[in-house]
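Notes to accompany the following structure.
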Amino acid sequence: MKKHGSERNRGIEPTKNRIMDAAQMLFAKKGFDATRVQEIADIAEVNKAMIYYYFKDKDALLYAVVERIIKGIKDAIPRYLEEEDNTIDGLETFLDFYIEYLAQNSSFVRLMAWEILSGKHIQSLAMDYFMPMFFLMREKIAKGVDSGQIRPVSPEHTIFSIVGMNVFYTIALPLIQILLGGDPLSAEMLSKRKEEVKAFVMKGLLPFEDRRRI
């Protein structure tokens, strides 16, 4: 009996995701150059040929891993900042999502640290994934400034500050655990982190006469 395409392809996406999960973990732990394709295959429990079936080479696998995570953030920017009439309220909601998202994908943050330090793929990663997201976020903040909801700030440096304070918390988890004496990603500590970051950012962005709302 001839199998339908959906039956024939059943299990393909889970296999592809297992490969990307394994690659993300190893790239984050060892860096791109130190990770061998065979190691990825072993952890994903597939043969090496299966990796090349889905991905042209190890570089293509890296880009797929990055795209998967970045898409979640890029899709969230218009969702949170356009559903709210008030840019500040939308940004506050986005921050809540962003902090949680980085916590859930902490290995991706470490992976990007390796990539930034090595510089090997950063040009193409920036052009293909980060610049579109950066321009979108910059547009939303600039619109808030133009409407008077956000005080006159540099949208670019606002983005750098928001990313920096959240990426550091995620990438420095072992250090923060020692300093705070607990799991930085526990529900209680992550909730506290969200509260503090949102208060800090909102106070920095609100017009001076509106800061009493925080």
Do we find that Leu102 is touching a residue at least 24 places away in the same chain (Cβ under 8 Å), more than 16 Å from Pro78 (Cβ to Cβ) and part of a helix (DSSP H, G or I) in this structure? yes
Considering only residues that are touching a helix residue (DSSP H, G or I) at 6+ places or on another chain (Cβ under 6 Å) and hydrophobic (A, V, I, L, M, F, W, C), look in region 47-63 and name the one that is farthest from Leu117 (Cα to Cα). Ile51
Gly181 passes all but one of the listed conditions (1) loosely packed, with under 12 Cβ neighbours inside 10 Å; (2) of a type outside the set (Lys, Arg); (3) at negative phi; the exception is number (3)
In region 52-99, anything in contact (Cβ under 8 Å) with a residue 40 or more places away in the chain and either small (Gly, Ala, Ser) or in contact with a strand residue (DSSP E or B) (Cβ under 8 Å, 6 or more places away or on another chain) (or both) is listed as Ala64, Gly90
Within region 112-133, is even one residue surrounded by 14 or more Cβ atoms within 10 Å (Cβ to Cβ) and under 25 Å from Pro207 (Cα atoms)? no
Those residues that are surrounded by fewer than 17 Cβ atoms within 10 Å (Cβ to Cβ) and part of a loop (DSSP other than H, G, I, E, B), I need them from region 11-53; list them, please. Gly11, Asp33, Ala34, Arg36, Glu45, Asn47
Filter region 159-179 down to the residues that are out of contact with any helix residue (DSSP H, G or I) (no Cβ under 7 Å at 6 or more places or on another chain), of a type in the set (A, V, I, L, M, F, W, C) and part of a helix (DSSP H, G or I), then identify the one that is farthest from Arg193 (Cα to Cα). Phe160
Of Ile162, Ile150, Ile171, which residue is touching a Gly at 6+ places or on another chain (Cβ under 6 Å) and under 27 Å from Gly90 (Cβ atoms)? Ile150
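Please verify whether Thr158 is over 24 Å from Glu82 (Cα atoms) and either acidic (Asp, Glu) or crowded, with 18+ Cβ neighbours inside 10 Å (or both), treating the condition exactly as stated.
Working: over 24 Å from Glu82 (Cα atoms): no; either acidic (Asp, Glu) or crowded, with 18+ Cβ neighbours inside 10 Å (or both): yes.
No; evaluated as a whole, the condition is false for this residue.
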From the list Phe130, Phe168, pick out the single residue that is in contact (Cβ under 8 Å) with a residue 24 or more places away in the chain, under 20 Å from Val66 (Cα atoms) and not β-branched (Val, Ile, Thr). Phe130
Could you run through region 88-102 and say how many residues are within 10 Å of the chain's Cα centre (by Cα) and crowded, with 19+ Cβ neighbours inside 10 Å? 3
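None of the figures in this text is laboratory data; all of them are computed from the coordinates on show. Quick caveat, the model's predicted, so the values are computed rather than measured. Positions of Cβ are backbone-derived with ideal geometry, glycine not excepted, and every protein chain shown enters the neighbour counts.
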